[in-house]
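Bear in mind that the values in this text are calculations on the coordinates, not laboratory data. It should be emphasised that the depicted structure is a prediction, and the values quoted were computed from it without experimental measurement. All Cβ positions, even for glycine, are placed from backbone atoms using ideal geometry, and neighbour counts span all protein chains on display.
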Amino acid sequence: MSTSVKLAVIYYSSTGFSAEIAKEISEAAEKAGAEVRLLKAAELAPEAAVASNEAWAAHAAASAGVPVATPADVEWADAVIFGSPTRFGNISSQLKQFIDTLGGLWAQGKLANKVYSGFATSATAHGGQESTILALYNSIHHFGGLIVSPGYTDPVKFVDGNPYGTSHVDAQGNNPVGETTRNAARHQAERVVQVAAALKAGFAA
Ligand SMILES: Cc1cc2nc3c(=O)[nH]c(=O)nc-3n(C[C@H](O)[C@H](O)[C@H](O)COP(=O)(O)O)c2cc1C
């Protein structure tokens with residue numbers, strides 16, 4: 001059995017902000033010693049809808065090479081970090097659809113006892129980042145998963161200020177992912193890997 005933590009980073013992103021955080025988390029987790037799969041939720045929107053939005057179409061093209069997540073990736077993982085743009089205070093339907101494909105694993109108890117964490121992006125400062133992450137965490141309770149939120153466990157968390165998970169305000173597409181968000185993303189990745197490693201060692205003992 002591999003002793004390194006297997007981490008799946010599974011996100012949905014229309015215009016690239018969530019994708020950028022997913023990438024930062026993946027790189028930090030690899031540096032922390034994890035074996036990482038960076039995966040996107042499949043697009044559900046019609047091609048015409050994607051094509052009608054310049055930023056959405058550009059990101060769809062840029063991320064064409066990112067593998068689409070499958071339930072087997074969740075089964076493989078010791079830890080999963082999910083990410084989504086907020087959609088009216090909730091997770092995107094694309095990520096939710098992926099979560100809804102996990103029923104078979106859930107029925108076999110295969111989603112339980114893994115570490116889970118989440119991140120979100122929004123256009124506006126109080127536009128639903130916390131509610132989006134908490135909505136995601138509702139499902140984790142049903143999995144019997146172990147939620148590892150960042151809390152205020154590092155000085156960087158007093159800068160970005162979201163104890164539920166990394167989050168970013170894109171200001172209607174005008175605010176690129178900067179150091180405050182990247183620091184939070186790296187800390188979340190390192191914490192998830194650290195706790196998942198301890199849990200994995202504990203279960204193996
Ligand atoms: C249907 C829809 C609903 C949205 N709802 C909200 C919202 O409630 N609050 C908010 O601040 N942004 C909202 N947004 C904006 C996105 O959450 C935001 O731009 C996000 O950062 C995009 O992330 P992405 O680049 O990963 O797709 C919404 C966008 C769409 C398309």
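Observations on the model:
- A count restricted to the range 56-95 and to residues that are over 16 Å from T121 (Cβ atoms) and away from the ligand (no atom under 12 Å from the Cβ) stands at 19.
- Long-range neighbours under 7 Å by Cβ, at least six apart or interchain, first residue over 12 Å from R191 (Cβ atoms) within the range 135-163, second acidic (D, E): N162/E130
- Yes/no for L199 being within 20 Å of L7 (Cα to Cα), hydrophobic (A, V, I, L, M, F, W, C) and surrounded by fewer than 17 Cβ atoms within 10 Å (Cβ to Cβ): no
- Considering Y152, Y164, the condition of being under 30 Å from Q108 (Cβ atoms) and aromatic (F, W, Y) is satisfied by Y164 alone.
- Residues in the range 16-45 that are aliphatic (A, V, I, L, M) and either out of contact with any strand residue (DSSP E or B) (no Cβ under 8 Å at 6 or more places or on another chain) or farther than 21 Å from V115 by Cα (or both): A28, A32, A42, L44, A45.
Conditions (1) within 16 Å of the ligand (Cβ to nearest atom); (2) touching a Pro at 6+ places or on another chain (Cβ under 6 Å), marked per residue:
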position: G109; (1), (2): no, no
position: S139; (1), (2): no, no
position: K157; (1), (2): no, yes
position: N162; (1), (2): yes, no
position: E190; (1), (2): no, no
position: A197; (1), (2): no, no
position: F203; (1), (2): no, no
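- Selection of first residues in the range 2-21 that are free of Cβ contacts under 8 Å to residues at least 60 places away in the same chain and of second residues that are buried (at least 24 other Cβ atoms within 10 Å of the Cβ), restricted to Cβ pairs under 6 Å at least 6 apart or on distinct chains, gives the following pairs, ordered by first then second residue: A19/S13.
- Scope the range 14-49; condition under 19 Å from R186 (Cα atoms) and among the polar types (S, T, N, Q); matching residues: S18, S26
- Residues considered: I25, I99. Of these, the only one that is touching a residue at least 60 places away in the same chain (Cβ under 8 Å) and of a type in the set (A, V, I, L, M) is I25.
- Meets criteria (in contact (Cβ under 8 Å) with a residue 12 or more places away in the chain, within 15 Å of the ligand (Cβ to nearest atom) and either surrounded by 14 or more Cβ atoms within 10 Å (Cβ to Cβ) or not in a loop (DSSP other than H, G, I, E, B) (or both)) for H168: yes
- Taken together, the residues in the range 114-134 that are outside any loop (DSSP other than H, G, I, E, B) and away from the ligand (no atom under 12 Å from the Cβ) amount to 6.
- Residue count, the range 55-101 (criterion: crowded, with 20+ Cβ neighbours inside 10 Å, in a loop (DSSP other than H, G, I, E, B) and aliphatic (A, V, I, L, M)): 3
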